[in-house]
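Structure first, then comments.
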Amino acid sequence: MNSIYRSLQIQFYFVLCLMLAASYFTFKFSKEIVAAKTNIHSHSRLITLMYEARTQPYSKKISYELQKSRAYSLNPTRALHISNFIQAYNSSNRNILEKRYQELLDYENEYVNLNETIIESKSDQIFAIVFGALLLQILNIFLYLRAMQKQMLSPIEHLTQKINDFMSGSYSYRFTTAPDNEIGNLERSFRLMAEEVIKNMEELQALDQAKSEFMNIVSHELRTPMTSIKGSLGLIASGKMGDLSDKVKKLIGIAEIESNRLIRLINDFLDLAKIEAKNYSLDRSWVPLEKILLSSVESLKGLQEKANVNIQILGYPKVEVNVDADKIQQVLVNLLSNAMKFTTEHGSVFIQADIFENKVYIRIKDQGPGISEENQQKIFQKFRQASSPDRPLVKGTGLGLSIAKALVEAHEGKISVVSEIGKGSEFYFTIPEYREEIKGKETIAA
Amino acid sequence: MKILLAEDDINISTIMAITLEQIGNHQVTVVEDGLAAVEQVQRQDYDLIILDGMMPKLDGFETCRKMKTDLHLKMPIIFMSAKSDESSKKAGKDLGAIGYIEKPFDPNLVCEQIEKILEEGM
Ligand SMILES: Nc1ncnc2c1ncn2[C@@H]1O[C@H](COP(=O)(O)OP(=O)(O)OP(=O)(O)O)[C@@H](O)[C@H]1O
Ligand SMILES: [Mg+2]
């Protein structure tokens, strides 16, 4: 396997061998240089002794020192020359001493030259080794980087690109280059993952498709019989099919009201399914907040009279909001009708809007029984009902808050409740997109 | 007015026919699917065609496309469908229909609704 680990290992051994060889030769040559330096040192010492021997009267000490020099001399020719000189010195024969002196001096000059040559050449060699090793190492690093670039960095970059493409939705997960190494393994694993993700996604899409098809069928299958029922009742109630007795009129009236309620329930349920579907779109425009608040209250007139509850608008900023007005109105109506359901007769429900942290907050407060902390979480879920009101005005289905939540979230707002048992509830939701109301619009229109 | 009504559900077509005849004083021909509607308009002229969206053989949208694009019919077409979402309303408009009646409809209002659509559409 052409693994990256293997190539790293080879690289490591190569550098190790290079370092060992360079160290070995450097060490060896250094030793030779040191030896040559010692020789030169002993040469200087010998020259001094020789000078002293020639100029000073005979001394045992000089003789002894000369003996020592000879003993330290490893070179046999040199040792012989020194021995001859010592003999001449001890014999006190001036002529012989001069002769031997000259011979030894000649030899010593040659000897010192030789050692100096050794030092010079070995220094050069050490330099060559160090420099050569350095060059080799540089070349090695350069080649290695190029190999890494080809083996690792480019494939990693390539893979990163593929992953980024994948994340941004272009599912080109088919790799052309998967080298037979660790990077290749990574690439293969990613491909498997991508295939799995795509498979799941396709399954989800199919499921989504099936769901919306199902919703369409349900919608059709529920509304078709409701159309017949509502149509028949409407025709009978119109009186065009013949006169009705008061009792029949009353019964037909009940049937009409209930069929309308059933249609509303079906619509609510299908609405919620639609809002929750991914491709839901809003019909947004800039509408004065005031208009939304007032028409919501207006549309609840009937229920308000029936409940005998007071709705008070405490205040609102003069702004326009960029919303699907019908949908935000539906949110308000759902929250207000809940508040009214839970308010005792002659009680009040309050609406207040203000701007806080760059959002419009709309609050609906009631003086009802309040909602326990535990239930505050649950009531925004579908078909979840906590306590039922003492006076059931309209029998609820538990979809009101789910629809409100879905609609507010479709507008990028949030919805929540602040409540305590026995202290009433305050539902609020936010609208992020608003602007100052354009003044003088009415005057232009008028 | 002479009206052609294409609707597969027999109950709804009965109610619609009675509504149009009794409340609107129109003359109504009922067919049960899109293909029959296409055949019928080639045989006779109508003042208005009402198409149900979902029908067997040929659905309302396909029928409308055939009538407007293939046969170049001038007769006004109104859709009637339980699919009340914006996209199918728009699809109907794009195919040349002039209006949309949502199901379930109120028979006491349908004739006024049709008149309004015809006024606006012409
Ligand atoms: N203002 C409130 N005070 C106390 N409890 C509330 C209040 N608003 C909602 N709730 C609780 O939350 C539950 C869910 O409310 P939601 O509006 O979703 O359904 P519903 O009112 O029962 O039915 P629907 O609105 O679909 O007719 C209610 O049944 C009630 O228990
Ligand atoms: Mg409710």
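The values are calculated or read from the model by the stated rules, or taken from the named source; none is laboratory data. These numbers were taken from a predicted model, which means no experiment stands behind them. Note that we place each Cβ from the backbone using ideal geometry, even for glycine, and neighbour counts take in every protein chain shown. Only protein heavy atoms, including side chains, enter the accessible area calculation; ligands, DNA and RNA are left aside. Shrake-Rupley method; radii C 1.70, N 1.55, O 1.52, S 1.80 Å.
Mind telling me which of the residues A:L222, A:L233 ends up being within 10 Å of another protein chain (Cβ to nearest Cβ) and modelled with pLDDT of 90 or more?
From the options A:L222, A:L233, the qualifying one is A:L233.
With respect to the numbered conditions (1) closer than 24 Å to B:D106 by Cα; (2) of a type outside the set (D, E); (3) buried (at least 21 other Cβ atoms within 10 Å of the Cβ), which one is the sole condition not fulfilled by B:Q27?
B:Q27 satisfies all of (1) closer than 24 Å to B:D106 by Cα; (2) of a type outside the set (D, E); (3) buried (at least 21 other Cβ atoms within 10 Å of the Cβ) except (3).
Quick test of your reading of the structure: A:K199 fulfils all but one of (1) more than 14 Å from chain B (Cβ to nearest Cβ); (2) in contact with a Lys or Arg (Cβ under 9 Å, 6 or more places away or on another chain). Name the failing condition by number.
Failing condition for A:K199: (2).
Going through B:D59, B:D52, B:D106 one at a time, which residue ends up being free of Cβ contacts under 8 Å to residues at least 12 places away in the same chain, open to solvent by less than 70 Å² (accessible area, probe 1.4 Å) and within 12 Å of chain A (Cβ to nearest Cβ)?
Details: B:D59 fails: free of Cβ contacts under 8 Å to residues at least 12 places away in the same chain; B:D52 fails: free of Cβ contacts under 8 Å to residues at least 12 places away in the same chain.
On inspection, the qualifying residue turns out to be B:D106.
Looking at the range A:195-237, which of its residues are small (G, A, S) and either open to solvent by 30 Å² or more (accessible area, probe 1.4 Å) or closer than 20 Å to A:L272 by Cβ (or both)?
A:A206, A:A210, A:S212, A:S219, A:S232, A:A237
Exactly one of (1) touching a residue at least 40 places away in the same chain (Cβ under 8 Å); (2) more than 13 Å from ligand 1 (Cβ to nearest atom) is unmet by A:L336. Its number?
The failed condition is (2).
Hey, can you tell me all the residues within the range A:117-133 that are β-branched (V, I, T), out of contact with any Lys or Arg (no Cβ under 8 Å at 6 or more places or on another chain) and touching a residue at least 12 places away in the same chain (Cβ under 8 Å)? Walk me through it before giving the result.
The first filter runs over the range A:117-133 and keeps only residues β-branched (V, I, T), leaving A:117-119, A:126, A:129-130.
Remaining after also requiring out of contact with any Lys or Arg (no Cβ under 8 Å at 6 or more places or on another chain): A:117-118, A:126, A:129-130.
The answer is A:I118, A:I126, A:I129, A:V130.
Run down A:I328, A:I266, A:I311, A:I292 and say which single residue is touching a helix residue (DSSP H, G or I) at 6+ places or on another chain (Cβ under 8 Å), surrounded by 16 or more Cβ atoms within 10 Å (Cβ to Cβ), within 14 Å of chain B (Cβ to nearest Cβ) and touching a residue at least 12 places away in the same chain (Cβ under 8 Å).
A:I266
Among the residues of the range A:235-256, which ones are part of a helix (DSSP H, G or I) and aliphatic (A, V, I, L, M)?
A:L235, A:I236, A:A237, A:V248, A:L251, A:I252, A:I254, A:A255
Residues to consider are A:L136, A:L145, A:L153, A:L192; find the one that is touching a helix residue (DSSP H, G or I) at 6+ places or on another chain (Cβ under 7 Å) and open to solvent by 70 Å² or more (accessible area, probe 1.4 Å).
Working: A:L145 fails: touching a helix residue (DSSP H, G or I) at 6+ places or on another chain (Cβ under 7 Å); A:L153 fails: touching a helix residue (DSSP H, G or I) at 6+ places or on another chain (Cβ under 7 Å); A:L192 fails: touching a helix residue (DSSP H, G or I) at 6+ places or on another chain (Cβ under 7 Å).
Being touching a helix residue (DSSP H, G or I) at 6+ places or on another chain (Cβ under 7 Å) and open to solvent by 70 Å² or more (accessible area, probe 1.4 Å) holds for just one of A:L136, A:L145, A:L153, A:L192, which is A:L136.
From the list A:K306, A:K318, A:K341, A:K301, which residue is farther than 18 Å from A:E409 by Cβ, within 16 Å of ligand 2 (Cβ to nearest atom) and open to solvent by 50 Å² or more (accessible area, probe 1.4 Å)?
Matching residue, one of A:K306, A:K318, A:K341, A:K301: A:K306.
Of the residues that sit in the range A:362-410 and are within 12 Å of ligand 2 (Cβ to nearest atom) and among the hydroxyl-bearing types (S, T, Y), which one is modelled with the lowest pLDDT?
Within the range A:362-410, the match that is modelled with the lowest pLDDT is A:S388.
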